Amino acid sequence: MNNCQGATTKYEKKRNTEKKVRCIVYISAVGDMQHVNQREQRQMRYISEYANGNNIEVVKVMRRNVLGQLDVNKHYDRMVQMVSEGFADGILIANMQFISKDIDDACRKIAKVSNVGGAIYSVDDGKLDFQFKGVPYGCKSR
């Protein structure tokens, strides 16, 4: 009988005791109708592997399908609302490029979800959030 049988490492103990982060997955693949399904399936496998390895629980999956950026923005606002209502702790995506049109849009989206107490988890970039200690409103810079 092996002495190591049934033993757990520090990493396994830590991982088992940590509370899972509940996330809404957003699948966003661009292409024609024939290829979007295949790309979405590959992206879902990619995201699922990351979630399983990083203590993330998928509570909902939303899909872009072949919709445009305006619809993506509406989907994003709905996901932020779900985070603010406590349905999830954050949003899990493959990469920010799939939900943002440029860097300014990406920063606004990260700030929007951070403002309600959540974060964006990107498979390619890790956890993305802003932690403000307080930003005064209505103050003019000198």
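With r defined as the distance between the Cβ atoms of F130 and E18 and R0 fixed at 30 Å, what FRET efficiency is calculated, to the nearest 0.05? The pair F130/E18 has a calculated efficiency of 0.85. Here r is the Cβ-Cβ distance between N37 and D71 and R0 is 22 Å; the resulting FRET efficiency, rounded to 0.05, is 0.80. Near the amide H of I27, within less than 5 Å, lie the amide hydrogens of M62, R63, R64, all on another chain or at least 5 residues away, with H placed in the peptide plane.
How big is D, in µm² s⁻¹, for segment 18-134 by Stokes-Einstein at 4 °C and 1.567 mPa s if Rh is the Kirkwood radius over C-alpha pairs?
Values: Rh = 14.2 Å.
Once the numbers are plugged in, D ends up at 91 µm²/s.
Stretched out straight at 0.36 nm per residue, the stretch from V30 to K101 would grow longer than its current Cα-Cα span by 24.3 nm.
With every protein chain in place and a 1.4 angstrom probe, the accessible-area ranking of E49, E57, largest first, reads E49, E57. Remark: segment 42-83 carries a charge dipole of roughly 160 debye about the Cα centre, counting +1 on each Lys and Arg Cβ and -1 on each Asp and Glu Cβ.
The values are calculated or read from the model by the stated rules, or taken from the named source; none is laboratory data. These numbers come from a predicted model, not from an experiment. Every residue, glycine among them, receives a Cβ derived from its backbone with ideal geometry; neighbour counts consider all protein chains shown. Accessible surface areas use protein heavy atoms only, side chains included; no ligands, DNA or RNA. Shrake-Rupley method; radii C 1.70, N 1.55, O 1.52, S 1.80 Å.
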